[in-house]
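Chemist: Here it is: the structure, laid out below.
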Amino acid sequence: MNDNEVHAECLRLLQEGLPEASTARPGEGQEFVPLCIDSEGDIAVVTFLRSGVNGAFPAFIEGWTFHRRDGEWLELGGGGGSAPE
């Protein structure tokens, strides 16, 4: 999953909300596992676990921040790091 796909998935989550709980882990056929959406007014953060195809690299936890302007969510930035087992 490249950054453009992650960005699109974050926007989808901001519009539709989190899916039902999942027991999937990164590397088990799922590269992107949403953890949390936190929003306050026009600011939001989407947090998720992400890994390479078939667990090609250790899981990362990432958070992306967004600002809603004129009804659209605009990315402000984000970052992440290795997620503990």
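The values are calculated or read from the model by the stated rules, or taken from the named source; none is laboratory data. This one's a predicted model, so the numbers in the text were calculated from it and none came from an experiment. To get the accessible areas, we keep the full protein, side chains included, count just its heavy atoms, and leave off ligands, DNA and RNA. Shrake-Rupley method; radii C 1.70, N 1.55, O 1.52, S 1.80 Å.
Chemist: Could you calculate the contour length gain from Ala83 to Asp42, that is, 0.36 nm times the residue separation minus the distance between their Cα atoms, to one decimal place in nm?
Modeler: 12.0 nm
Chemist: Then there's this: Calculate, in nm to one decimal, what Leu76 and Leu35 gain on full extension: separation in residues at 0.36 nm each, minus their alpha carbon distance.
Modeler: 12.8 nm
Chemist: If DNA, RNA and ligands are ignored and the probe is 1.4 Å, what is the ranking of Asp70, Asp38 by accessible area, most exposed first?
Modeler: Solvent-accessible surface, decreasing: Asp70, Asp38.
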